[in-house]
Amino acid sequence: MSSSSSQNFVSRSAIKKVFAKLQKEGDGAVVRRGISRSEQKLLDPFLMLDEFSVSPPAGFPDHPHRGFETVTYVLEGGITHQDFKGHKGTIYAGDVQWMTAGRGIIHSEMPEEEINKGLQLWINLSSNEKMIEPNYQELSSSDIPKAEQNGVQVKVIAGESMGIQSPVYTRTPTMFLDFTLDPGAQFHQNVPESWNAFAYVLESGEGGAVFGSSNASPVSAHNVVVFGQGNDGVSVWNKSSSKKLRFVLIAGEPLGEPVVQYGPFVMNTQAEIDMTIEDYHYGKNGFEMAKYWRSQ
Ligand code: FJE
Ligand code: FE
């Protein structure tokens, strides 16, 4: 059985399509928000997906996070990151920063070049990991495993595809794959049955991006496709005769816990959110440096 031949598999089908609308975020920045509160139940453990395109002087100046992970994947340009513990660096096209905010991070994320594009995904942490020490996993483009078969290329940011595996440790089990399909190519990606899964289309020719079954209606760029649960995984076809199809396929094991979000703080209860606001305000429980630190 060839893994590129979709006929041998039963695919999940799309149950919802969400166009990522432009909205303002940070300081003068504009993002396309593909996943927000309305998708959180369907897509547990995922909290947010933003496709950003930002030019100086706009950016995401000093702001806090608690209770989840942010995954920043740069597609063009560079993003410079500085946090309140002195952690600092720039990630460029193809690089990934997998940040576990845990009990608290305060940082700035600012664009480096004229045009800076990418994706930022927020993954929830389980209740017993929300208050862990912050941690970074940084992968340069060359650290990300890549494979190709039958006109299908994959970059394995998290999880496994085409028999190759990402070095990223996912506290909340997650798959994050960046696929490019040549015109006419097709593929089936396995996804664990109990996981929630979605695709986000980055680039597609007219009528190109087809998910679930070969006669499903095509999806255009900047759309999230939410898949129903069950079945082997997801089949995809690039029906364009001239343009490549690029999309990310993201899946994760649901946590099944209550989610209470207040901006960049995501906890299980309102009492924990109240405590977090207090911790941030008074510089406690992980936010000790909040009173002194400013990014340069
Ligand atoms: C945020 C203030 C912020 N989407 N995509 C409040 F600045 C942010 C924020 C971002 C962000 C950063 C990058 Cl590099 C890419 C983003 C929001 O930093 F999320 C909230 N709630
Ligand atoms: Fe941030």
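The values are calculated or read from the model by the stated rules, or taken from the named source; none is laboratory data. Please read all numbers here as calculations on a predicted model, not as lab measurements. Note that we place each Cβ from the backbone using ideal geometry, even for glycine, and neighbour counts take in every protein chain shown.
Looking only at region 267-289, decide whether some residue is buried (at least 21 other Cβ atoms within 10 Å of the Cβ), within 20 Å of the chain's Cα centre (by Cα), closer than 30 Å to ARG66 by Cβ and modelled with pLDDT of 95 or more.
Yes, the conditions are met somewhere in region 267-289.
Name the single residue, out of those in region 64-96 being of a type in the set (A, V, I, L, M, F, W, C) and either more than 12 Å from ligand 1 (Cβ to nearest atom) or in contact (Cβ under 8 Å) with a residue 40 or more places away in the chain (or both), that is nearest to MET110 (Cα to Cα). Outline the logic, then answer.
Step one: of region 64-96, the residues of a type in the set (A, V, I, L, M, F, W, C) are 68, 71, 74-75, 79, 84, 91, 93, 96.
Now restrict to residues that are either more than 12 Å from ligand 1 (Cβ to nearest atom) or in contact (Cβ under 8 Å) with a residue 40 or more places away in the chain (or both): 68, 71, 74-75, 84, 91, 93, 96.
On the way: PHE68: 20, VAL71: 15, VAL74: 12, LEU75: 15, PHE84: 15, ILE91: 11, ALA93: 14, VAL96: 15 Å.
The qualifying residue nearest to MET110 (Cα to Cα) is ILE91.
Could you list all residues from region 24-46 that are within 10 Å of ligand 1 (Cβ to nearest atom) and either closer than 20 Å to VAL259 by Cβ or touching a helix residue (DSSP H, G or I) at 6+ places or on another chain (Cβ under 8 Å) (or both)?
Result: GLU25, ARG33.
Please state which of the following conditions ASP143 fails to meet, knowing it meets all the rest: (1) closer than 15 Å to PHE176 by Cα; (2) within 17 Å of the chain's Cα centre (by Cα).
(2)
What residue, among those in region 46-87 that are within 13 Å of the chain's Cα centre (by Cα) and of a type in the set (A, V, I, L, M), is surrounded by the fewest Cβ atoms within 10 Å (Cβ to Cβ)?
The extreme case among them is LEU75.
May I ask you to list the residues in region 104-119 that are among the acidic types (Asp, Glu) and either part of a loop (DSSP other than H, G, I, E, B) or more than 17 Å from the chain's Cα centre (by Cα) (or both)? Let's see the steps before the verdict.
Initial filter on region 104-119 (among the acidic types (Asp, Glu)): 109, 112-114.
Residues satisfying the conditions are GLU112, GLU113, GLU114.
Give me the residue from region 179-198 that is closer than 21 Å to VAL18 by Cβ and not hydrophobic (A, V, I, L, M, F, W, C) and, out of that set, farthest from the chain's Cα centre (by Cα).
Step one: of region 179-198, the residues closer than 21 Å to VAL18 by Cβ are 179, 189, 191, 195-198.
Next cut, not hydrophobic (A, V, I, L, M, F, W, C) only: 189, 196.
On the way: GLN189: 18, ASN196: 13 Å.
Selected residue: GLN189.
Tell me, please, whether a residue that is of a type in the set (D, E, K, R) and more than 26 Å from VAL18 (Cα to Cα) can be found in region 199-221. First the steps, then the outcome.
The initial filter retains those residues of region 199-221 that are of a type in the set (D, E, K, R), namely 203, 206.
Subsequent filtering for residues that are more than 26 Å from VAL18 (Cα to Cα) retains none.
Within region 199-221, not a single residue is of a type in the set (D, E, K, R) and more than 26 Å from VAL18 (Cα to Cα).
Out of all the residues in region 132-148, which are part of a strand (DSSP E or B) and within 16 Å of ligand 2 (Cβ to nearest atom)?
Scanning region 132-148 gives ASN135, TYR136, GLN137, GLU138.
Go through region 62-87 and count every residue that is within 15 Å of ligand 2 (Cβ to nearest atom), within 30 Å of GLU203 (Cβ to Cβ) and not hydrophobic (A, V, I, L, M, F, W, C). Lay out the reasoning, then the answer.
Restricting attention to region 62-87, the residues satisfying the condition of being within 15 Å of ligand 2 (Cβ to nearest atom) are 62-74, 79-85, 87.
Pick out the ones that are also within 30 Å of GLU203 (Cβ to Cβ) and you get 63, 65, 68-74, 79-81.
Next, from what is left, pick out any that are not hydrophobic (A, V, I, L, M, F, W, C): 63, 65, 69-70, 72-73, 80-81.
Matching residues across region 62-87 total 8.
Out of region 134-157, which residues are among the acidic types (Asp, Glu) and either buried (at least 17 other Cβ atoms within 10 Å of the Cβ) or in contact (Cβ under 8 Å) with a residue 40 or more places away in the chain (or both)? Lay out the reasoning, then the answer.
Going residue by residue through region 134-157, those that are among the acidic types (Asp, Glu) are 138, 143, 148.
The answer is GLU138, and nothing else.
Looking only at region 120-131, how many residues end up being crowded, with 21+ Cβ neighbours inside 10 Å and either part of a strand (DSSP E or B) or without any contact (Cβ under 8 Å) to a residue 24 or more places away in the chain (or both)? So that I can check it myself, show each step before the final result.
Residues of region 120-131 crowded, with 21+ Cβ neighbours inside 10 Å: 120-125, 130.
From the residues that got through so far, the ones that are either part of a strand (DSSP E or B) or without any contact (Cβ under 8 Å) to a residue 24 or more places away in the chain (or both) too are 120-124.
Adding up the residues that qualify gives 5.
What about THR180, is it touching a residue at least 60 places away in the same chain (Cβ under 8 Å), hydroxyl-bearing (Ser, Thr, Tyr), under 24 Å from ASP143 (Cα atoms) and in contact with an Asp or Glu (Cβ under 7 Å, 6 or more places away or on another chain)?
On the way: touching a residue at least 60 places away in the same chain (Cβ under 8 Å): yes; hydroxyl-bearing (Ser, Thr, Tyr): yes; under 24 Å from ASP143 (Cα atoms): yes; in contact with an Asp or Glu (Cβ under 7 Å, 6 or more places away or on another chain): no.
When the stated conditions are applied, THR180 does not pass them.
Evaluate the following for THR90: is it at pLDDT 95 or above and either crowded, with 21+ Cβ neighbours inside 10 Å or more than 14 Å from ligand 2 (Cβ to nearest atom) (or both)?
yes
Do we find that ASP27 is buried (at least 17 other Cβ atoms within 10 Å of the Cβ) and either of a type in the set (D, E, K, R) or in contact with a Cys (Cβ under 6 Å, 6 or more places away or on another chain) (or both) in this structure? Spell out the reasoning first.
Working: buried (at least 17 other Cβ atoms within 10 Å of the Cβ): no; either of a type in the set (D, E, K, R) or in contact with a Cys (Cβ under 6 Å, 6 or more places away or on another chain) (or both): yes.
Here the answer is no, as ASP27 does not meet what is asked.
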